[in-house]
Amino acid sequence: MRRIVVLSTGGTIATRQDAHGTRLAAEPADALLERLPWPPGVAIEARDVFCLGSYLLTPADMHGVALAVREALADESVAGVVVTHGTDSLEETAYLVDLFHGDPRPVVFTGAMRPADAPDGDGPRNLADAITVADAVAARDLGVLVCFDGQVYPARGTRKAHTTAPAAFAAPDGGPLGRVGDGEVRISAVPVRPKPLDLGAFRPDGIRADIVACYPGCDVRALRAVADAGARGVVLEATGAGNANPEVAAEVARLTASGVVVALSTRVHAGPVAALYGNGGGADLVRAGAVPTGTLRPSQARVLLIALLGAYGDPERVRAEFNDSLERNTHG
């Protein structure tokens with residue numbers, strides 16, 4: 001009999017309202033599964049990793065999820081893994097796990113936008129769909145996936161796109177890989193994936209990476225503050241295709257020379273970062289040492305920085321690996 005392991009980490013899918021109407025994550029993994037019709041021929045094992053709203057998670061918590069996935073897949077009888085997770089930071093944890101995932105078996109993240117005690121809750125359907133995907137041969141060799149509202153997305157490039165709607169996720173630059181419904185998984189695209197990082201070499205403790213916004217009239221005080229606080233990596237959330245101003249470009253050069261890795265992303269919903277403009281624009285920022293993030297947005301660019309800093313440490317190696325990871329994702 002095929003086995004699927006469901007790892008529960010909390011989030012809205014595990015949330016109930018207290019007497020004051022406040023939502024708190026409280027449901028264990030077994031409680032999530034007891035409301036589901038189990039697919040025939042599949043044994044489902046529930047494991048609790050932790051039970052938290054995902055807005056509370058740290059990189060160490062996300063590392064813990066990656067370790068729990070690895071432990072589940074160490075059993076060859078396991079056909080796939082499902083991770084139930086809060087939607088606020090699902091895109092970060094799913095991508096971190098994906099960076100270290102080299103097993104062909106599916107790892108599928110899902111969650112809910114309505115609490116477990118809501119009469120119209122979406123959690124049971126999303127979880128049932130995720131289990132179907134995790135058990136599907138068609139989902140093998142696709143890396144870590146996000147299954148939500150009937151859509152199947154790659155972890156990389158998928159973002160929370162709505163604060164409250166059931167169709168909460170989108171992949172603006174690539175779209176979904178397929179759909180799931182009525183017990184069937186239909187995959188129509190295959191992502192290009194880089195070589196996985198070594199989870200055994202990853203040490204997230206003490207690694208600080210921050211996101212700093214650029215906007216009309218911004219100065220470099222925030223950049224200096226995060227560096228002074230110990231940031232080893234910084235993601236610039238720039239404007240347009242990756243632009244700031246001459247003062248920011250000069251500070252990027254100073255930070256790069258001091259060993260801080262600066263990644264250049266954008267606040268724009270879709271499209272790649274491009275080194276097009278001078279006078280503090282993307283061309284100047286890249287010349288100053290910033291590493292363009294392609295289509296990765298700040299949340300996932302920060303995750304890639306943390307993963308590389310935790311795996312390699314050396315800033316020059318991290319910059320080279322960052323570029324290499326993006327090249328392989330783009331060109332195969």
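Throughout, read-outs are computed from the coordinates displayed, never taken from laboratory work. Just so you know, these numbers come straight off a predicted model, no measurement behind them. A quick note on method: Cβ atoms are made from the backbone with ideal geometry, for glycine too, and the neighbour counts reach across all protein chains shown.
Structure above, values below:
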read-out	value
Calculated on alpha-carbon atoms, Rg and Dmax of the stretch 201-332 in Å	13.4, 41
Over the stretch 67-153, equivalent-ellipsoid semi-axes from the Cα gyration tensor in Å	22, 14, 11
Cα centre as origin, Lys/Arg/Asp/Glu Cβ charges: the chain dipole, Debye	540
Cα shape, the stretch 2-187, gyration tensor, a/c 1.5 rule	rounded
Helix-only mean residue ellipticity at 222 nm for the chain, each DSSP H run of n ≥ 4 adding -39500 (n - 2.57), per residue, nearest 500	-9000 deg cm²/dmol
For the stretch 178-194, 3J(HN,Hα) per residue [Karplus equation, 6.51 cos²θ - 1.76 cosθ + 1.60, θ = phi - 60°, Hz, x = Gly/Pro]	x, 9, 9, x, 6, x, 10, 10, 10, 9, 10, 8, 10, x, 8, 10, x
0 to 90° range, to nearest 10: angle between helix 90-100 axis and the chain longest Cα axis	80
Pairwise centroid distance, computed over Cα atoms, of the stretch 183-255 with the stretch 123-150, Å	29
Mean Cα-pair separation over length for the chain, i.e. relative contact order, pairs under 8 Å, 6 or more apart, %	14
Within the stretch 1-135: Cβ-based charge dipole about Cα centre, in debye rounded to nearest 20 (Lys, Arg +1; Asp, Glu -1)	160
The chain - Rg over Rh from alpha carbon coordinates, Kirkwood radius	0.99
Net charge dipole size for the stretch 206-262 [Lys, Arg +1 and Asp, Glu -1 on Cβ; Debye, nearest 20]	160
The chain: angle of helix 59-73 to the longest principal axis, Cα-based, in degrees nearest 10	40
Translational diffusion coefficient (Stokes-Einstein; Kirkwood radius from C-alpha pairs) of the stretch 232-310 at 25 °C, 0.890 mPa s, in µm²/s	205
Angle between the chain longest axis and helix 298-311 axis [Cα atoms, degrees, rounded to 10]	90
